[in-house]
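What follows is a set of notes on a single structure, which appears directly below.
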Amino acid sequence: MRPLVSGCGRLYRRVARAFPEEFRAVCGDGLEQLGPDIAPLVWQQRGVVGLVGLFFDLAVHLPYEYLSSLIGKLKEVTMSGDVFEGTWKARIDDSQWDTGNPTPQQACVRFEATDTGYLMVAYGIVDGQAVAERPQTISTDGRRRPVLDLGGRPIPGVPAGAVSFCSRPDPQTLQLGTEADGKMLGAGTFQVSADGKTLTATNEGTGLRGPFKVAIVFERVVPDPYVPQG
Amino acid sequence: MAKKSPDAFLPLKSNWFHILLCLVEVEQHGYGIMQNVLERSGGKVRLWPATLYGSLKRLIQAGLIAETGDRPAPEFDDARRRYYKLTPLGRRVLDLESERLKDLVRILDLRRRQEARP
């Protein structure tokens, strides 16, 4: 019966790979490993009934996970929330990156709406290493505020006295800038497309390593991985 | 997005309760959780793989558990495996569910004692 069990293992792995991308993004390949791993044990303990149970479980959950994923996407689409809020993933090849720094293999930005604007977190993979930028609060009232971390402390590398500001000329656009001693260090925009699916970020200025200019195109991650689904 | 309060998860789904219980003392991978639940329940509760991973996914999304980057010693580690741990919210929810179940048992015991009185 060994060929039957190993055949079941292979079939299980193949079906497990058909689970939705969203499921596999969270669970990795755990399902496709675990099923074949326990198939011999199930066979030993419960015989054919056990193998039937193993596949029944898979067969029930496959459409369920697709349905759950679809519901999540529908929720995102019909959400009348803020156009910026959510997680955005960069289209690496469609973006213009700072030539002074290595191009990331992956880059994401997340906007969380707050009472005064947003909390923005950027993270990604550079040179194979996970990297994350310091979370940043964005107040959209146009007032100049010291550039400080979330705990109100100065940020290493940011010139003393630096201030940042942000305004919202229209619901789809944020205009940001940073200056120190009256001199502009950087300015840019975040602009969400009319259909709400694309976010374009531009930033230009002079950093610690000299002038920089970036234009990054992001697409909305649907469903949002940070929002519990169903 | 507003976070759910721990009370909002009660009553906890049976599978969720078993999984959270497994993670109280030690971080576990999927196979470990499955075996632990089976042993703890005396073979009565078997979490089949798709049920288990479906529940793990929802627990992660609800913020009750998280994948941990900590790995066991290399001699005990299997690089393919992902390990999961309870989050503070998950621990709080488990505590509240345990209290809820204890209360139910207390009520049941009280009723039985009342019925047993002549």
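No value in this document is a laboratory result; all are computed from the given coordinates. Model, not experiment: these values are computed from the prediction. Don't worry about glycine lacking a Cβ; one is built from the backbone with ideal geometry, like all the others, and counts go over all protein chains shown.
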Filtered residues of segment B:35-55 (kept if farther than 19 Å from A:Tyr12 by Cα and basic (Lys, Arg)): B:Arg40, B:Lys44
Yes or no: segment A:86-94 includes at least one residue that is assigned to a helix (DSSP H, G or I), among the basic types (Lys, Arg), surrounded by fewer than 18 Cβ atoms within 10 Å (Cβ to Cβ) and away from chain B (no Cβ under 14 Å). no
Here the residues within segment B:38-54 that are surrounded by fewer than 20 Cβ atoms within 10 Å (Cβ to Cβ), assigned to a helix (DSSP H, G or I) and more than 7 Å from chain A (Cβ to nearest Cβ) are B:Leu38, B:Glu39, B:Arg40
Quick one: would you say A:Arg168 is exposed (fewer than 14 other Cβ atoms within 10 Å of the Cβ) and either more than 23 Å from the chain's Cα centre (by Cα) or not in a strand (DSSP E or B) (or both)? no
Being surrounded by 12 or more Cβ atoms within 10 Å (Cβ to Cβ) and part of a strand (DSSP E or B): is that true of A:Glu112 here? yes
Given the condition in contact (Cβ under 8 Å) with a residue 60 or more places away in the chain, exposed (fewer than 15 other Cβ atoms within 10 Å of the Cβ) and in contact with a strand residue (DSSP E or B) (Cβ under 9 Å, 6 or more places away or on another chain), answer yes or no: does some residue in segment A:216-227 qualify? yes
